[in-house]
1. Among Ala157, Ala130, Ala145, determine the one that fluctuates most according to a GNM of the chain built with springs between C-alpha atoms less than 10 Å apart.
2. Along its principal axes, what span do the Cα atoms of segment 1-126 show, with the longest given first and each in whole Å?
3. Contact order normalised by length for the chain, with contacts defined as Cα pairs under 8 Å and 6 or more residues apart; what percent is it?
4. Amide H neighbours of Leu215 under 5 Å, counting only residues 5+ apart in sequence or on other chains, H built in-plane at 1.01 Å?
5. May I ask you to compute the full-extension gain from Arg259 to Arg45, defined as 0.36 nm times their residue separation minus their alpha-carbon distance, rounded to one decimal in nm?
6. Please list the equivalent ellipsoid semi-axes of segment 93-209, computed as the square roots of five times the alpha-carbon gyration tensor eigenvalues, in descending order and whole angstrom.
7. If all Cα-Cα distances of segment 143-296 are sorted into 5 Å bins from 0 onward, what percent lands in each bin, rounded to whole numbers?
8. Provide, as a two-decimal number, the C-alpha radius of gyration of segment 220-332 over 2.2 N^0.38 Å, N being how many residues it has.
Amino acid sequence: MTGATGLLGRAILEDLVATGRPVRALARSDGATQRLVALGAEPVRGDLRDRASLEAAFAGCEVVYHVAGVNAFCVPDPRPMFEVNVAGSRAVVLAAAAAGVQRLVYTSSAATLDVDGGRAGSRRFLSNYARSKYDAEQSVMEASARTGLGVICVNPASVQGPGRTSGTARLLIGFLNGKLPAAVDGPLNVIDIADCTRGHLLAEERGVPGERYLLCGASMTLRSGLALLAQLTGLQDPPRFLPPSLALAAAACIEVVARARRKPTRFCREMVRTLIEGSPYDGSPAARALGLDYTPIETTMRRTISWYIEQGLIVRALPGFADSAPGTTASA
């Protein structure tokens, strides 16, 4: 495995170990090595930028799960993200083929679907992240065709559930804490982390090499998603939803100020574009093909809220959610 210490990678690793399968996992640091040992994996030192280390790590393995990747918005320099997501993923395929691996499960992203075709074959991407994952997927499939390695591509929507605190989860946590005064509406596509993990294992077992499996358990809007949170928690302070043009203008101003101060920002135009211009996803074809049952979104949200509370991430009481006082463990 690559990316075994990340949110999704760790969940996949835990499931593989639980079934009794020996797992070798790539580690770039002593800290990662220690975490992998604690999770029951055999750590091997390596780096996506070092193909020789990848070939050594994959030697003797039948299957490779390539989960590692960079998911970031508003970064001043996106080149390191492309190096990992595109060049690193291609190196994984070439190294796996050279090592005699039989099958590779590649974690792509549903963001690869949010691409508009333009004139003369040009494409418009909502973010650098979406472009990096699109380019990576193309590179992976080209390398697969050239080497003959069977690659199954898994394209998850926004992974949510216990353990997730970044990305869209920041909006959910902000709302629950009453610290989301404004938002922009748009598609919200969610896959429960347990379903995403199971989907990867089923892709290895039942997936067809060369095929893509879009995993999405619920497709709604951010407005309806926050309304569901309000229903589950009893909160009655929804944010003000800004017009897209106003949100984009505000993001542009924040970017200018951040560049002038040479400081990073979490709010930028590519993030706003992703929120307002993304597409609703249909995860039912992958569910039928793989035999995957999606968790109801209400169940996912209840589990997630409970975990937020257990971790001390919620600083106010949720009147409609059982045992929701800050500092206590919620039950749903």
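1. Most flexible of the set in this elastic network: Ala145.
2. Each principal axis gives a Cα extent; for segment 1-126 these are 51, 30, 26 Å.
3. Numbers: 611 pairs, mean separation 53.9, N = 332.
Relative contact order comes out at 16 percent.
4. Under 5 Å from the amide H of Leu215 lie the amide H atoms of Asn155, Ala157, each far enough along the sequence or on another chain.
5. Value of the extension gain: 73.4 nm.
6. Details: eigenvalues 195, 85, 22 Å².
Semi-axes from the Cα gyration tensor: 31, 21, 10 Å.
7. 2, 9, 15, 17, 16, 14, 11, 9, 6, 3, 1, 0
8. 1.37
Read-outs: derived from the displayed coordinates by stated rules, not from any lab. Just so you know, these numbers come straight off a predicted model, no measurement behind them. Counting neighbours? That spans all protein chains shown, and the Cβs are built from the backbone with ideal geometry, glycine included.
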